[in-house]
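Q: Can you keep this structure in mind? I'll have questions shortly.
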Amino acid sequence: MGFLLPSIAVNLLILFIFYLIFRRRMNRILDGGEFIDSIKDEINHLVVELNQTAERNIGIIEARINRLQKLVDSADRKIALLGKEREKVKLGREVYDRLKKSAPLVATSDSPSTETAVSPVPKEAADAALPEPGRSSADEVLDLHRQGFDTRLIASRTGSTLGEVELIISLAHGKE
């Protein structure tokens, strides 16, 4: 028993010394500016990281906005072009309807049947649609176009394709 009491006393003394060292370190960490400075540094790093992420996201959003703006501009141009084309078709139909209403019907008796075929072409235009010797087909196409004939009808009258007729007309409009 004589050995146990000094051993406990030495252990308590060692524990007390460790306690004082631990307490001193904790006081230095808590009381000193080291702990607060380390927290401030960590917060500053987080703020910098958040700013970098926000700037990257803003750049991505701006790029997408620019791309969308280009797509919207392209769509607006296409819509305007379609509107113009629709107007052209509407005007073409109006002209055709007006010609159809104002032109007297010409009876043609080319068919051997007893019924008479009726053509919606005015007599003067039917005579003008006949090819004249010595004239080029381009002149014929342009004359028929000036008289208000549809491009399909011009193609069938002159024996040209629809593409040739449209090309001749567009080239003539380009020169004017």
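Q: Tell me, which residue of region 136-176 that is under 38 Å from the mean Cα position of the chain (by Cα) and among the acidic types (Asp, Glu) is nearest to residue 95 (Cα to Cα)?
A: Result: 150.
Q: Among the helices (runs of 4 or more DSSP H) confined wholly to region 70-176, which include 1 or more residues that are modelled with pLDDT of 85 or more? Steps first, please.
A: Numbers: elements: 123-129, 137-146, 151-158, 162-175.
Answer list for region 70-176: 137-146, 151-158, 162-175.
Q: Here's another thing I want to ask about it. Quick one: what pairs do we get from region 147-158, first residue free of Cβ contacts under 8 Å to residues at least 60 places away in the same chain, second charged (D, E, K, R) and surrounded by fewer than 19 Cβ atoms within 10 Å (Cβ to Cβ), C-beta under 7 Å, 6+ apart or different chains?
A: Listed pairs, sorted by first residue: 151/166.
The values are calculated or read from the model by the stated rules, or taken from the named source; none is laboratory data. Remember, it's a predicted structure, so these values are computed and weren't measured experimentally. Positions of Cβ are backbone-derived with ideal geometry, glycine not excepted, and every protein chain shown enters the neighbour counts.
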